[in-house]
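Scroll down for the structure; my scribbles are underneath it.
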Amino acid sequence: MIHVHASIELHPERKEEFLAEFRKLVPLVLAEDGCLDYGPTVDLQTAIPAQPPVRENVVVVVEKWESTEALEAHLMAPHMMDFRSRVGDAIVNMDLHVLQPV
């Protein structure tokens, strides 16, 4: 199993549009072979001192996949290509981390 955290910085005025499109995508991704979990998250303000300031325009996609092969197939899936074409100009920057349990 692998974990993926994709931090996506958005243009402030496009965040809600991005999330609406993303919510349509989730069921398609969850139906993919090898997908164990997939969903958008946003920073939660807490009183925990170690937490950095909330990033208002960042969505972090938290994913779990059976393998890197499943993740690679996901990235090339037609619904992913279509999603990227619809929301690409809403994205300022993206930072992807592929992780493994230890």
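How much length is gained if the chain between residue 41 and residue 93 is pulled fully straight, taking 0.36 nm per residue apart and subtracting their Cα-Cα distance, in nm to one decimal? Could the numbers behind the result be given before it?
Details: separation 52, 0.36 × 52 = 18.72 nm, distance 1.63 nm.
Gain on stretching residue 41 to residue 93: 17.1 nm.
Where the convex hull is taken over the Cα atoms of the chain, what is its projected area averaged over directions, in nm²?
Details: hull surface 28.5 nm².
Dividing the Cα hull surface by four gives the mean projection, 7.1 nm².
Rounded to the nearest 0.05, what FRET efficiency do residue 17 and residue 68 give with R0 = 41 Å and r taken as the Cβ-Cβ distance? Could you check? Working shown, then result.
Details: r = 31 Å, r/R0 = 0.75.
Result of the calculation: an efficiency of 0.85.
With unit charges on the beta carbon (Lys/Arg positive, Asp/Glu negative), name the residue among 79, 38, 48 whose Cα is farthest towards the positive pole of the charge dipole of the chain.
48
Once the convex hull of the C-alpha atoms of the stretch 1-60 is built, how many Å³ does it hold per residue, rounded to a whole number?
Details: hull volume 6.0 nm³, N = 60.
In the stretch 1-60, the Cα hull volume divided by residue count equals 100 Å³.
Counting each DSSP H run of 4 or more residues in the chain as -39500 (n - 2.57), what helix-only mean residue ellipticity at 222 nm follows after dividing by all residues, to the nearest 500 deg cm²/dmol? It would help to have the intermediate numbers written out before the result.
Values: 3 runs with 35 residues, N = 102.
That calculation yields -10500 deg cm²/dmol at 222 nm.
Add +1 for every Lys or Arg and -1 for every Asp or Glu among the other residues with Cβ under 15 Å from the Cβ of residue 12, and state the total. List each step's numbers first, then the result.
Numbers: positive: 14, 15, 55; negative: 9, 13, 16, 17, 43, 56, 89.
Combined, the nearby Lys, Arg, Asp and Glu give -4.
R0 = 30 Å: FRET efficiency of residue 51 with residue 76, Cβ-based, nearest 0.05? Could the numbers behind the result be given before it?
Working: r = 35 Å, r/R0 = 1.17.
So the FRET efficiency works out to roughly 0.30.
For the chain, what does the relative contact order come out to in percent, with C-alpha contacts under 8 Å and a separation of six or more?
Averaging sequence separation for qualifying contacts and normalising by length gives 50 percent for the chain.
May I ask for the net charge around residue 22, where only other residues with Cβ less than 11 Å from the Cβ of residue 22 are counted and Lys, Arg are +1 while Asp, Glu are -1?
On the way: positive: 15, 23, 24, 86; negative: 16, 17, 21.
Net charge in that neighbourhood comes out at +1.
The numbers here are math on the coordinates, done by the rules we state, and not lab data. Predicted model only: the values in this text are computed from it and were never measured. As a convention, Cβ positions derive from the backbone with ideal geometry for all residues, glycine included, and neighbour counts pool all protein chains shown.
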